[in-house]
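Structure record follows, encoded as structure tokens.
The values are calculated or read from the model by the stated rules, or taken from the named source; none is laboratory data. Note that the structure is a prediction, hence the values are computed from the model and not measured. Note that we place each Cβ from the backbone using ideal geometry, even for glycine, and neighbour counts take in every protein chain shown.
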Amino acid sequence: MIGEFRVLEQHVGVEARRGIEGAEEFFDTVGIGSHRLDLHPSTGPREYLDLAHWPFQIPLGALLPVRVENLLPACKNLATTHVTNSAYRFHPVEWNVGEAVGALVAYCLARGTVPRQVRRDRTLLVGFQALLADHLGVPLAWPAHRPYGRHDHGPWPDFYPMSTPTRHG
């Protein structure tokens, strides 16, 4: 699908971000996801591609087709590249896309508007994001990133206090 916005490797790939900490933050986020950029064997000369990623957001613009009205993706058919689809294709992201799209349809029907207008109108977008986050419990951003490899049981031990080891003495 060609969307109003297309997620590129430069938005989520560690190497492609060239020293920029974290994935691109999208003003129109409707959820989050996290999976490596991995392409499985194909008929081409490269057998396998496995690239580090930053935990990412799902932009509403990637759910809005450029040429068609009243058609929205339901899972992994959002506007990505072949490489970024390898991260956005996983079930938790698909579920988040479906949940966001279902909520978007209901939100638009209740307000007599169309999905494209929600992205264009700041008031509508903020209201929709509040519906997702505050009423439906959809996380729109990741907690502050701490690099892996610190022996602290993951990247965000303060976010999961039970996973942080206690120290005595």
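For this structure, a couple of remarks:
- Per-region count, segment 14-54, residues surrounded by fewer than 17 Cβ atoms within 10 Å (Cβ to Cβ), in a loop (DSSP other than H, G, I, E, B) and not charged (D, E, K, R): 13
- Taken over segment 55-112, the criterion of being among the aliphatic types (A, V, I, L, M), without any contact (Cβ under 8 Å) to a residue 12 or more places away in the chain and in a helix (DSSP H, G or I) is satisfied by Ala106, Leu109, Ala110.
- Here Ser86 clears all of (1) modelled with pLDDT of 95 or more; (2) hydroxyl-bearing (Ser, Thr, Tyr); (3) over 21 Å from Gly137 (Cβ atoms) except the condition numbered (1).
- Taken over segment 120-167, residues that are outside any loop (DSSP other than H, G, I, E, B), modelled with pLDDT under 85 and aliphatic (A, V, I, L, M) amount to 1.
- The one condition in (1) closer than 12 Å to Ala87 by Cβ; (2) more than 15 Å from the chain's Cα centre (by Cα); (3) of a type in the set (Asp, Glu) that Glu21 fails to fulfil: (1)
- Number of positions in segment 14-37 that are over 17 Å from Leu51 (Cβ atoms) and either at pLDDT below 90 or not hydrophobic (A, V, I, L, M, F, W, C) (or both): 4
- In the set (1) at pLDDT below 90; (2) buried (at least 19 other Cβ atoms within 10 Å of the Cβ), His11 fails one condition alone, (1).
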